[in-house]
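To start, the structure itself, in structure tokens.
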Amino acid sequence: MDKVIFNGRLTERSQINIDLEDRGYQFGDGVYEVIRVYNGSLFTGEEHLQRLIESAESIQIKVPYSISEMKNLLLKLIEENKLFSGIIYIQITRGVSQRNHLFPSADVVPSFVAYTRELQSPTEAMEKGVPAITLEDIRWLRCDIKSLNLLPNLLAKQKASEAGCFEALQHRSGTVTEGSSSNVSIVVDGKIKTHPATNLILNGITRQVLLDISRKNGLEIIEEAFSVEEMLQADEVFLSGTTTEIMPIIEIDKQKIANGQPGPVTKQLQVLFEDKIKEQCGLDFKTV
Ligand SMILES: Cc1ncc(COP(=O)(O)O)c(C=O)c1O
């Protein structure tokens, strides 16, 4: 597990030094991705790498590698670290330069790092469901960029944890946006609703898989914002995310959602999601 990628090269974790004046360290001036590895294979790897490039370009950082170059590096990293089930964290920053709010000169190269971590699916929570709180969304207006600046997300998650909950469901003046590290959907009369992919949410890769598997399997899913009130009255509420997978929410602000048990649509989506993992990663296991 000790190999990492540092500026395009596979190296020992103990051998790398992050400069004090790396703009990621000082300003959070960079973007990142988390890719799930199942069965030693990348799940939706290209989609994540494409989003990494788009996030970087939207803050004027040019990723110095193509998708296939990055993919090859990541596959080598998985192999070296003998990663079977886990995640790869990838980060790219504007590079190392004397501290100044202005962008550095064009010859400063972006810093690129990637490392792996073992992780299992949160099977018990996925089976039983988890509680959540609601919270005003205080983030900036470019939540579509997977930026390193996560302070409001951290504060939200911490508040959820202190309330004994798994996630904070954020809203802007009563309109639900997303969780602190996940997207949120509701089910009303068999129809799934999730916030449209605007600047107010991260367009989750898991959310995109969800849209795809729902439509292919005859489930109605609409990209439409909903209110906190609608969410509390919904038949089902669930989260989606790379490490969260498809997670039922059974209680919000101490109020039960329907009968307080994971609902049938959420369970069906968990099965369809697992099928998708098997299709891509050849995995023969049950997440739920
Ligand atoms: C704020 C936020 N929304 C949504 C997601 C889910 O995105 P994905 O499915 O690509 O992991 C994440 C994942 O980290 C997130 O941080």
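The values are calculated or read from the model by the stated rules, or taken from the named source; none is laboratory data. What you are looking at is a predicted structure, and each value in this text was computed from that prediction instead of being measured. For neighbour counting, all protein chains shown are included, and Cβ atoms are generated from backbone atoms with ideal geometry for every residue, glycine included. Ligands, DNA and RNA are stripped out before the accessible areas are found, and what is left, the full protein with its side chains, is counted by its heavy atoms. Shrake-Rupley method; radii C 1.70, N 1.55, O 1.52, S 1.80 Å.
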Response to the item:
Among segment 27-66, those whose backbone N falls under 16 Å of a label point 7 Å along Cα→Cβ from GLU118 are 37-41
Worksheet entry | Accessible surface of segment 3-118 [probe 1.4 Å, protein heavy atoms]: carbon and sulfur percent | 48
Practice prompt. With a point put 7 Å past each Cα toward its Cβ, work out how far GLN208 is from LYS76 in nm, to one decimal.
Written response: 2.6
Item to complete: Evaluate the distance, in nm, between pseudo-label points positioned 7 Å from the Cα of GLN98 and of LEU154 along their respective Cα→Cβ axes.
Response: 2.9
Worksheet item: Near the amide H of THR134, under 5 Å away, which other amide H atoms are found, from residues 5 or more places off or on another chain, if H is placed in the peptide plane?
Response: LEU169, ASP253
Worksheet item: What is the calculated FRET efficiency for ILE18 to ILE222, with r their C-beta to C-beta distance and R₀ = 41 Å, to the nearest 0.05?
Response: 0.40
Worksheet item: Stretched out fully, how many nm does the piece from TYR89 to ALA197 gain, at 0.36 nm a residue minus the Cα gap?
Response: 36.6 nm
Worksheet item: Taking 0.36 nm per residue of separation and subtracting the Cα-Cα distance, what length does fully extending GLU136 through LYS256 add?
Response: 41.2 nm
Worksheet item: Where a Cα-Cα gap under 26 Å defines reach, which lysines qualify for LYS128, not counting those fewer than 8 residues away within the same chain?
Response: LYS157, LYS159, LYS191, LYS193, LYS254, LYS256, LYS267, LYS276, LYS278, LYS286
Discussion item. Probe of 1.4 angstrom, ligands and nucleic acids ignored: what's the accessible area per residue over segment 130-184, in square angstrom?
Written reply: 45
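Which three semi-axes in whole Å describe the equivalent ellipsoid of segment 123-281, each the square root of 5 times a Cα gyration tensor eigenvalue, listed largest first?
22, 18, 15
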Item to complete: Would you kindly derive the ³J(HN,Hα) couplings of segment 256-261 from the backbone phi angles with the Karplus curve 6.51 cos²θ - 1.76 cosθ + 1.60 (θ = phi - 60°), listing them in order in whole Hz, with x for Gly and Pro?
Response: 5, 8, 6, 8, x, 10
Discussion item. Once you keep just the Cα pairs under 8 angstrom separated by 6 or more residues, what percentage relative contact order results for segment 3-118?
Written reply: 37
Fill in: Where Rh is the Kirkwood radius over Cα pairs, Rg/Rh for the chain
0.98
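What translational diffusion coefficient, to the nearest whole µm²/s, does segment 3-118 have by Stokes-Einstein, given a Kirkwood radius computed over alpha-carbon pairs, a temperature of 4 °C and 1.567 mPa s viscosity?
89
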